[in-house]
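Accompanying notes for the structure given below.
The values are calculated or read from the model by the stated rules, or taken from the named source; none is laboratory data. Only a predicted model underlies this, so the values are computations on that prediction, with no experimental measurement involved. No Cβ is skipped: glycine too gets one built from the backbone with ideal geometry, and neighbour counts run over all protein chains shown. What goes into the accessible areas is simple: the full protein's heavy atoms, side chains included, and nothing from ligands, DNA or RNA. Shrake-Rupley method; radii C 1.70, N 1.55, O 1.52, S 1.80 Å.
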Amino acid sequence: MKTLYVEGDTFLHRLSPRVKLVSLALASLLLFLIDSPAFLVIALLLGGGIHASLRLGWRLSFSRLWPILLTIAAVTVFTFLLNSPGQALVVLLRLTALALFAAAVTATTSTGDFIDEVTVAARPLERIGLVKAADIGLSIGLVIRFLPEILTRYQAIRDAHHARGLKLRPLTLAVPLIILTLRNADEIAAAIDARGIRTQK
Amino acid sequence: MDIRFEQAEARFEGRTVLHPLTLSLDERRIGVIGLNGSGKTTFARMVNGLVVPAVGHVMVNGFDTAKDGERVRAETGFIFQNPQNQIILPILKEDIALGLKSRKLSKQETESAVRDVLDRFGIAHLAERRAHELSGGELQLAALASVLVTKPNILIMDEPTNQLDLKNRGLVERTIHGLDENVIVISHDLPLIADFDRVLLFHEGRLAADGAAAETIARYREIAT
């Protein structure tokens, strides 16, 4: 079991989760509204500076960011090939800055705080009868909590392929991964019911 | 503790997994044994209402599991076979606090309750730790703390010493024997339940023996060999 949260006592750790989440949402909007490479470079440096202020170290930072950086690299290459170098640069700067901001928020906000804030944000929807706010908060908390678990499970299946000398194929990777994930989801759902967590208002 | 099965039968996908069962349980420590697939876990899940009977009733401290599921689950704590899946939040103290949210306690009251339950099991030093960093025994104690913080009347444990090494098994066994709560323990670990007040033996979805630990365990050995 892993968590994206990293314990610490930095300014961002002490900042209210609500302020962090609202700021991240506003930063995302701004990054997508402005195409100026100069502005995006400043945003990237700011994101890098904030991330560095967490003092996670290069190794931990890279291990947390490489999956998203790989995705950004792929999107950049496609943009370069299908559009123009200028647009590829904008995509690269924009997404990398956003990834750095988001990683800083997830590293300094515990899953419990995420759940509380999302639950509060969903209260207006609950008042008009659309959703149960606690369920929305719990769902998002579970996604944050169990995403790294799915990655660990994928690595175990990949290792099992290697151990048996089998070639990695999408189907033989995906099927056991889906089955194991669903089986775990059943157990987790039962645990949530058994602990009475969904009865909370 | 007052548990009553009244001709309660469990079915799964049209197949009967626990045949009609009538019995009353009021002893403080009850063991449940049987071969794999014998109906032990289904029986335990029926006690806390995770499985409701297709026919008949299960009453726990006066509440019907089919009608008062939430009340029944407030009366019964459940420790699953794999405690990893029971810990919902990554940091231990946050996970324990999650179970108290429905109580509408103040932050101080919640923190105090979490501290008390961690102290009770001697794992206060693990409060800030992540569940994936804990050993098997610590994880089992963490799951116990996460359930007992809500002070249930009955604690059900499904194979609590499964997959533990000798040291951790000893730690968990001592903890179980020291619990004040009413406990129902499903286990293949026969020494663990050897001094329990009553032991139930399930075989092929039926109650095959019910009584003192020594006699029921002896019957189990006959079936298993």
Hits in segment A:83-121 (condition: touching a Lys or Arg at 6+ places or on another chain (Cβ under 8 Å), closer than 22 Å to A:LEU44 by Cα and within 14 Å of chain B (Cβ to nearest Cβ)): A:ALA107, A:THR108, A:THR109
Test: residue in segment A:60-74 that is touching a residue at least 60 places away in the same chain (Cβ under 8 Å), farther than 28 Å from A:ARG153 by Cβ and either away from chain B (no Cβ under 14 Å) or not small (Gly, Ala, Ser) (or both): no
Any hit, segment A:134-152, residues being among the basic types (Lys, Arg) and out of contact with any Pro (no Cβ under 8 Å at 6 or more places or on another chain): no
Of all residues making up segment B:51-66, the number that are touching a strand residue (DSSP E or B) at 6+ places or on another chain (Cβ under 7 Å) and either among the charged types (D, E, K, R) or open to solvent by less than 50 Å² (accessible area, probe 1.4 Å) (or both): 8
Enumeration of residues in segment B:135-153 that are crowded, with 23+ Cβ neighbours inside 10 Å, of a type outside the set (Ser, Thr, Tyr) and in contact with a Gly (Cβ under 7 Å, 6 or more places away or on another chain): B:VAL147, B:VAL149
Filter result for A:ARG94 (touching a residue at least 12 places away in the same chain (Cβ under 8 Å) and either at positive phi or in contact with a strand residue (DSSP E or B) (Cβ under 9 Å, 6 or more places away or on another chain) (or both)): no
Subset of segment A:24-50 [open to solvent by less than 100 Å² (accessible area, probe 1.4 Å), free of Cβ contacts under 8 Å to residues at least 40 places away in the same chain and farther than 15 Å from A:LEU93 by Cα]: A:ALA25
Total residues in segment B:94-109, condition within 11 Å of chain A (Cβ to nearest Cβ), more than 18 Å from the chain's Cα centre (by Cα) and open to solvent by less than 80 Å² (accessible area, probe 1.4 Å): 7
Looking only at segment B:37-53, and only at residues there that are of a type outside the set (Val, Ile, Thr) and touching a Ser or Thr at 6+ places or on another chain (Cβ under 8 Å), the one that is farthest from the other protein chains (Cβ to nearest Cβ): B:PRO53
Long-range neighbours under 6 Å by Cβ, at least six apart or interchain, first residue more than 12 Å from chain A (Cβ to nearest Cβ) within segment B:144-163, second crowded, with 19+ Cβ neighbours inside 10 Å and among the small types (Gly, Ala, Ser): B:GLU159/B:SER187
Conditions (1) more than 9 Å from chain B (Cβ to nearest Cβ); (2) touching a residue at least 24 places away in the same chain (Cβ under 8 Å): number failed by A:ILE144: (1)
Residues being open to solvent by less than 60 Å² (accessible area, probe 1.4 Å) and either assigned to a loop (DSSP other than H, G, I, E, B) or away from every other protein chain (no Cβ under 14 Å) (or both) - total across segment A:2-22: 10
Whichever residue in segment B:165-216 is charged (D, E, K, R) and part of a helix (DSSP H, G or I) and, among such residues, is least open to solvent (accessible area, probe 1.4 Å): B:GLU173
Long-range neighbours under 8 Å by Cβ, at least six apart or interchain, first residue within 11 Å of chain A (Cβ to nearest Cβ) within segment B:123-143, second among the aromatic types (Phe, Trp, Tyr): B:ALA143/B:PHE80
Any chance B:ARG120 is in contact (Cβ under 8 Å) with a residue 24 or more places away in the chain, open to solvent by 60 Å² or more (accessible area, probe 1.4 Å), more than 17 Å from B:VAL185 (Cα to Cα) and more than 14 Å from every other protein chain (Cβ to nearest Cβ): yes
